[in-house]
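One structure coming up, written as C-alpha cells, with questions to follow.
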Amino acid sequence: MSTHDLPTDGAQPRHFLDVDDLSAAELSAVLDRAATYKDALAAGADHADLPGATLGMLFQKASTRTRVSFETGMTQLGGHAIFLGADDIQLGRGEPLKDTSRALSRYVDVLMARVFKHENVEVLAEHADVPVVNGLTDDAHPCQTLADLLTIRERFDGFEDVSAVWVGDGNNVAQSFVLGCALAGVELTVATPPEHAVDDAIIDRAATLGTAPETTSDPESAVEGADVVYTDVWVSMGQEDERDTRLRRFEGFQVNETLLEAAPGAVVMHCLPAHRGEEITDRVIEGERSIVFAQAENRLHAQKALLVELLDGE
Ligand code: CP
Ligand code: NVA
C-alpha cells in the first residue's frame, strides 16, 4: 500500500461506523484474520500487510486503549499513525468537519475518529474519500465489539451456545455489542434501568441481523446461568453533569460477587476504563473470572484485521 491515490473511478470507500457495516461473513473473516495476526505477533512472524499506509486518528475524547492499539497496530502492519487531538488541529478553532475530512483524505489512507455525536462520524464518512472508522461515539463503539467477539470466540471456541448478559447502561458499548452478538449468533440478554435502555432502533436492527436480545430491568434473573457477564461505566465521557442521577438509577446493577452467584461459570468482561466500586467491584475485576485484559489486548489484533479488511477491499 502506498499513499492513497486520488479516486478516479468513483469507487466509494468502505467505512466502519458500526458493526453491521460488515456482513456476518466479513465479520467472521476479520476475526479469523485477527487470530492469525495474534499468532504471528506471538511467534515474531512478519505480517506487515500495510506497508507505507497512514492512519489519521482524530480524538475529541480521551483514550488509552483505542489510541495506543491503533497506533501500535499500524506500526506492526508496516504503516504509520498520526494522533490528531481535536483541539490541536483547526477543527478546534471552528473549521468544519466536512473540510477536515476532505483535507485529511488527501493525506491519509484511512481515518479513525472518536467524537461525541454519532452524526459527526457520518459527516466525516460522507465527505471522506478514504475509509472512516468509528473509534467511539456517544452511540456506538464497534471496534470494541470486534475485540469482544474475538475474546468470546477464543474463550468458548466459537459462538454456538454461548449466552451473554449485558448489565448496566445501554450505552455506546452496549449498542454495538447488541449488533455484534446478533451478527455473530451469540445469545444475549440486556439488563438496564428503564431510563437507560438500548435504543429501540438498535434492537430492531439486531432483529434484522439475527436474533434481537431479550431486554429486562432485572439483572439478577438476567445473569442466571450466563457464560459471559459484561458491564461498562455508569457515567460515560460527556455525561459528567448527570453523575448523581445516574448513580441513583444504577443502584442494583453493580457486577459484584453476590450478583455473580447466579452465574457460577461466567467470565466477566468490561471494555475499560472501569470505575471500581460503581459498576463493578475491585474483587470481581481482579478475580479469576475477569478476562478484561485479554479483551483489551484483543483490541490490537482485531483492529489490525479490520484495517486490512477495509484497505484491501478498496
Ligand atoms: N475501551 C476503550 O475504548 O478504551 P479507551 O477509552 O482507553 O480507548
Ligand atoms: N461508555 C464509555 C466507554 C469508554 C471506552 C464512554 O463512552 O465513556
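Read the figures in this text as sums done on the coordinates, not as results from a lab. Computed from a prediction, not measured in an experiment: that's the story for all the values here. With ideal geometry, Cβ positions are generated from the backbone for all residues, glycine too; neighbour counts draw on all protein chains shown.
Cβ under 11 Å from Glu224's Cβ, Glu224 left aside: what net charge do those residues give with Lys, Arg +1 and Asp, Glu -1?
With Lys, Arg at +1 and Asp, Glu at -1, the net is -3.
How would Leu247, Leu260, Leu22 line up from fewest to most surrounding beta-carbon atoms within 10 angstrom?
By the 10 Å Cβ count, ascending, the order reads Leu247, Leu260, Leu22.
Would you mind counting up the charge near Arg114? Only other residues with Cβ under 15 Å from its Cβ, with Lys and Arg at +1 and Asp and Glu at -1.
With Lys, Arg at +1 and Asp, Glu at -1, the neighbours total -3.
Okay, next question. For region 132-148, what does the Karplus curve 6.51 cos²θ - 1.76 cosθ + 1.60, with θ = phi - 60°, yield as ³J(HN,Hα) per residue in whole Hz, taken in order and with x for Gly and Pro?
Rounded to whole hertz, the list is 10, 10, 7, x, 2, 10, 4, 10, 8, 8, x, 5, 4, 4, 4, 5, 4.
Might you report the magnitude of the Cβ-based charge dipole of the chain about its Cα centre, with Lys and Arg at +1 and Asp and Glu at -1, to the nearest 20 debye?
In total the dipole reaches around 860 debye.
Can you sort Ile285, Ile152 so the residue with the fewest Cβ neighbours within 10 Å comes first?
Ile285, Ile152
What residue among Leu259, Gly79, Val121 has its Cα farthest toward the positive end of the dipole of the chain, where the charges are +1 on Lys, Arg and -1 on Asp, Glu, each on the Cβ?
So the residue we want is Gly79.
Here's a follow-up. Whose amide H sits under 5 Å from the amide H of Ile82, counting only residues 5 or more places off or on another chain, with H placed in the peptide plane?
Amide H to amide H, under 5 Å and 5 or more residues apart or across chains, Ile82 pairs with Leu55, Gly56, Met57.
Here's another thing I want to ask about it. Skipping prolines and chain starts, which residues have an amide H placed within reach, meaning under 5 Å, of the one on Val190, given they are 5 or more residues away or on another chain?
Trp166, Glu214, Thr215, Thr216
Taking the Cα of Asp199, stepping 7 Å toward and past its beta carbon, and measuring to each backbone N in region 12-27: which are under 20 Å?
The answer is 15-23, whose backbone nitrogens lie closer than 20 Å to the label point.
Specify the angular offset, from 0 to 90 degrees and rounded to the nearest 10, of the alpha carbon long axis of helix 200-209 from the longest principal axis of the alpha carbons in the chain.
The two axes meet at around 80 degrees.
If each residue's Cβ is checked for other Cβ atoms within 10 Å, how do Leu310, Leu272, Leu17 rank with the fewest at the top?
Ascending Cβ contact count within 10 Å gives the list Leu272, Leu17, Leu310.
Per 0.36 nm of contour for each residue apart, how much would the distance between Ala207 and Ala103 grow if the chain were fully extended, relative to their Cα-Cα spacing?
Taking Ala207 through Ala103 to full extension adds about 33.6 nm, to one decimal.
For region 125-140 and region 30-84, compute the distance between their C-alpha centroids and round to whole Å.
One Cα centre to the other: 17 Å.
Classify region 29-165 as rounded, prolate or oblate from the Cα gyration tensor: take a ≥ b ≥ c as the square roots of its eigenvalues, call it rounded if a/c is under 1.5, otherwise prolate when a/b beats b/c and oblate if not.
oblate
While we're looking at this one, here's another question. Assuming R0 = 25 Å, what is the FRET efficiency of Asp46 and Ala294, from their Cβ-Cβ distance, to the nearest 0.05?
0.55
Here's a follow-up. Name the shape class, rounded, prolate or oblate, that the alpha-carbon gyration tensor gives for region 101-256, where a ≥ b ≥ c are the square roots of its eigenvalues, rounded holds for a/c under 1.5, and otherwise prolate holds if a/b is larger than b/c and oblate otherwise.
Note, shape of region 101-256 comes out oblate.
Only four residue types carry charge here, +1 at the Cβ of Lys and Arg and -1 at the Cβ of Asp and Glu. Report the dipole size of region 132-213 about the Cα centre in Debye, rounded to the nearest 20.
Computed about the Cα centre, the dipole is about 180 debye.
Which lysines does Lys98 reach when only Cα atoms under 27 Å apart count, and residues fewer than 8 places away in its own chain are ignored?
Lys98 reaches Lys61, Lys117, Lys304.
How would you classify region 48-123 from its alpha-carbon gyration tensor, with a ≥ b ≥ c the square roots of the eigenvalues: rounded for a/c under 1.5, else prolate if a/b is greater than b/c, otherwise oblate?
The shape class here is prolate.
Which value in Å is the Kirkwood Rh of the chain over different Cα pairs?
19.8 Å
For the chain, take the longest principal axis of its alpha carbons; what is the angle in degrees between that and the long axis of helix 172-184, to the nearest 10 within 0 to 90?
It works out to around 90 degrees.
What FRET efficiency would be calculated for the residue pair Ser217, Asp157, taking the C-beta separation as r and a Förster radius of 22 Å, to the nearest 0.05?
Taking R0 as 22 Å, the efficiency between Ser217 and Asp157 is 0.10.
Could you give me the ³J(HN,Hα) list for region 35-50, computed from phi with Karplus coefficients 6.51, -1.76, 1.60 and θ = phi - 60°, whole Hz, x at Gly and Pro?
Working through the residues one at a time gives 5, 5, 5, 4, 5, 4, 5, 5, 8, x, 8, 5, 9, 6, 8, 10 Hz.
Convex hull over the alpha-carbon atoms of region 185-237: what's its volume per residue in Å³?
In region 185-237, the Cα hull volume divided by residue count equals 100 Å³.
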